[in-house]
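The values are calculated or read from the model by the stated rules, or taken from the named source; none is laboratory data. This one's a predicted model, so the numbers in the text were calculated from it and none came from an experiment. Note that we place each Cβ from the backbone using ideal geometry, even for glycine, and neighbour counts take in every protein chain shown.
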Amino acid sequence: MFEQRFRVYYEDTDASGVMYHARYLAFFERARTEYLRALGFDQQALMQEQGIAFTLSDLAVRYRRPARLDDELIVSVVVEKAGAASVQFRQRMWLAAAADQDLAELTVRAGCVAYPSFQVTRMPEDVRTALQSK
């Protein structure tokens, strides 16, 4: 399991002082990006050097508790399944100070597409192997 820490800033909150619902998705996205980077894959390089990109095809989010200004968050990334042309992640967000209090959970599937045509394509073997090993 990969984990990434984040902080909730004023720009992430809504008028009620809690993190705006769409910002949860941004933090989940950042964690997946950092996870790929930790595996040795920079998304910009994947586009430019291998001619592929990942695009979301399906997601389901469950909000459990609100995050608030200045909260320190931890977002985890787990690969549930890495197929020939897609990968499914399960993610969890919680307060760093309270690991037993989930803020949100996400299941997301990302498809591998040729760049820049965005036609579905097979994932490069090195990427799929790295994702399957975690």
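Could you say whether any residue in the range 92-103 is in contact (Cβ under 8 Å) with a residue 24 or more places away in the chain, touching a Gly at 6+ places or on another chain (Cβ under 8 Å) and not in a strand (DSSP E or B)?
Among the residues of the range 92-103, not one is in contact (Cβ under 8 Å) with a residue 24 or more places away in the chain, touching a Gly at 6+ places or on another chain (Cβ under 8 Å) and not in a strand (DSSP E or B), which makes the answer no.
Which residues, counting only those in the range 43-59, are free of Cβ contacts under 8 Å to residues at least 12 places away in the same chain and in contact with a helix residue (DSSP H, G or I) (Cβ under 8 Å, 6 or more places away or on another chain)?
Within the range 43-59, just Gln43 meets the criteria.
Check Tyr63, Tyr115 and return the single one that is in contact with a His (Cβ under 7 Å, 6 or more places away or on another chain) and within 27 Å of Ala22 (Cα to Cα).
Tyr63
Just for the range 19-37: of the residues that are among the hydrophobic types (A, V, I, L, M, F, W, C) and more than 13 Å from the chain's Cα centre (by Cα), which one is surrounded by the most Cβ atoms within 10 Å (Cβ to Cβ)?
Met19
Among the residues of the range 38-46, are any touching a Phe, Trp or Tyr at 6+ places or on another chain (Cβ under 9 Å), hydrophobic (A, V, I, L, M, F, W, C), closer than 22 Å to Leu103 by Cα and at pLDDT 95 or above?
no
Which residues, taken from the range 87-134, are surrounded by 19 or more Cβ atoms within 10 Å (Cβ to Cβ) and either of a type outside the set (A, V, I, L, M) or in contact with a helix residue (DSSP H, G or I) (Cβ under 6 Å, 6 or more places away or on another chain) (or both)?
Across the range 87-134, the qualifying residues are Val87, Phe89, Gln91, Arg92, Trp94, Ala104, Leu106, Cys112.
Check Gly40, Gly111 and return the single one that is in a strand (DSSP E or B) and touching a residue at least 40 places away in the same chain (Cβ under 8 Å).
One residue alone meets the criteria, Gly111.
Among the residues of the range 60-72, are any free of Cβ contacts under 8 Å to residues at least 24 places away in the same chain, among the hydrophobic types (A, V, I, L, M, F, W, C) and assigned to a strand (DSSP E or B)?
No - not one qualifying residue is present in the range 60-72.
Can you tell which of Ser16, Ser117, Ser133 is of a type in the set (Ser, Thr, Tyr), modelled with pLDDT under 95, over 23 Å from Arg5 (Cα atoms) and more than 14 Å from the chain's Cα centre (by Cα)?
Going through Ser16, Ser117, Ser133 in turn, the sole match is Ser16.
Please go through the range 40-55 and give me each residue that is closer than 19 Å to Val79 by Cα and surrounded by fewer than 14 Cβ atoms within 10 Å (Cβ to Cβ), ordered by number.
Those that are closer than 19 Å to Val79 by Cα and surrounded by fewer than 14 Cβ atoms within 10 Å (Cβ to Cβ): Gly40, Asp42, Thr55.
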